[in-house]
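Since the structure comes first, as structure tokens, the remarks are kept for the end.
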Amino acid sequence: MTATTSLARTDASTPRRIAKPWRASAACHNLDINLVFSDRIEDQRSVQTACRACPVRARCLTDIIGFEEPLHRVWGVVGGLLPQQRRALRTHGMLGEHPDLRQATVLTRRFGAVLTQWKDWPPAVVAEQLRRHGVIAAPVTVRVAMWWTGAKANLIAPTAGDDTRLTWERIRDEHREVVEELTGLGVSRNNIARFLGVWDGQVKSAMAAWRRQDRKTAARAGEGWAA
């Protein structure tokens, strides 16, 4: 692989005025608007396929995402990303993590086949693998590049080897800090699940386990004081 240096960051969370010229170059400009903003999975996949060959995909994502308010419904495919992916990207922004969309574009062009091969790995693991090949990229940038190649890019890797824990148990054991930080920032449990790439019920089970654990810890502490 050829080493790739980090490019200047494009902050996807910063609203920008939409410039007309790029729209004419968009791969979706001739598509039915009802298809672009459809909730049907088949339609969304069709639009994403068009987005993969779009020369202005990053500009589209940068310009449009700023107009999507967190409390409003997020519709359709924008910049090659599904609504739940854009919500996850906004959550990254709340943690101060912003993708370099120019570098993500480079990654998909030069290393798309490799990213497809690593599609089941968490972005942080893929970023570490790329670093070993001289490519320095933040995990959130890698995550966008993986999304653009069709990968799920979940933050929690599939269970492998001797690890028999269920997904909610892995959230319980490994992700309490970030879940509680996002909860403190006012992020809903549903959007936390989208951020992690899991089901809402799995986050709910992990949070319930933390509450039980905290109650037991408090009870033991009370017994210690009583003694």
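The values are calculated or read from the model by the stated rules, or taken from the named source; none is laboratory data. On a predicted model such as this, the values are computed, not experimentally measured, just so you know. Using ideal geometry, Cβ is built from the backbone for each residue, glycine included, and neighbour counts are taken over all protein chains shown. In case anyone asks, the SASA skips ligands and DNA or RNA and just uses the protein heavy atoms, side chains included. Shrake-Rupley method; radii C 1.70, N 1.55, O 1.52, S 1.80 Å.
In segment 189-205, the qualifying residues are those that are assigned to a loop (DSSP other than H, G, I, E, B) and open to solvent by less than 50 Å² (accessible area, probe 1.4 Å), and the one that is farthest from Pro83 (Cα to Cα) is Val198.
Residue selection: Thr116 fails the criterion of being over 21 Å from Gly197 (Cα atoms), of a type outside the set (Asp, Glu), part of a helix (DSSP H, G or I) and open to solvent by 10 Å² or more (accessible area, probe 1.4 Å).
Within segment 141-172, take every residue that is free of Cβ contacts under 8 Å to residues at least 40 places away in the same chain and basic (Lys, Arg) and give me the one that is farthest from Gly201 (Cα to Cα). So, considering only residues that are free of Cβ contacts under 8 Å to residues at least 40 places away in the same chain and basic (Lys, Arg), the one farthest from Gly201 (Cα to Cα) is Arg165. Taken as a whole, the condition of being open to solvent by 30 Å² or more (accessible area, probe 1.4 Å) and either outside any loop (DSSP other than H, G, I, E, B) or more than 17 Å from Asn191 (Cβ to Cβ) (or both) does not apply to Arg86.
Looking only at segment 38-61, decide whether some residue is surrounded by 14 or more Cβ atoms within 10 Å (Cβ to Cβ), β-branched (Val, Ile, Thr), in contact with a Ser or Thr (Cβ under 6 Å, 6 or more places away or on another chain) and closer than 20 Å to Thr105 by Cα. Checked segment 38-61: at least one residue is surrounded by 14 or more Cβ atoms within 10 Å (Cβ to Cβ), β-branched (Val, Ile, Thr), in contact with a Ser or Thr (Cβ under 6 Å, 6 or more places away or on another chain) and closer than 20 Å to Thr105 by Cα. Checking the structure you have, find out if any residue of segment 116-124 is more than 19 Å from Ala157 (Cβ to Cβ) and acidic (Asp, Glu). No, there is no match, as no residue in segment 116-124 is more than 19 Å from Ala157 (Cβ to Cβ) and acidic (Asp, Glu). Among the candidates Trp168, Trp147, the residue that is within 23 Å of Cys54 (Cα to Cα) and modelled with pLDDT of 95 or more is uniquely Trp147. The set of residues in segment 59-80 that are modelled with pLDDT under 85 and in a loop (DSSP other than H, G, I, E, B) comprises Gly66, Phe67, Glu68, Glu69, Pro70, Leu71, His72, Arg73, Val74, Trp75.
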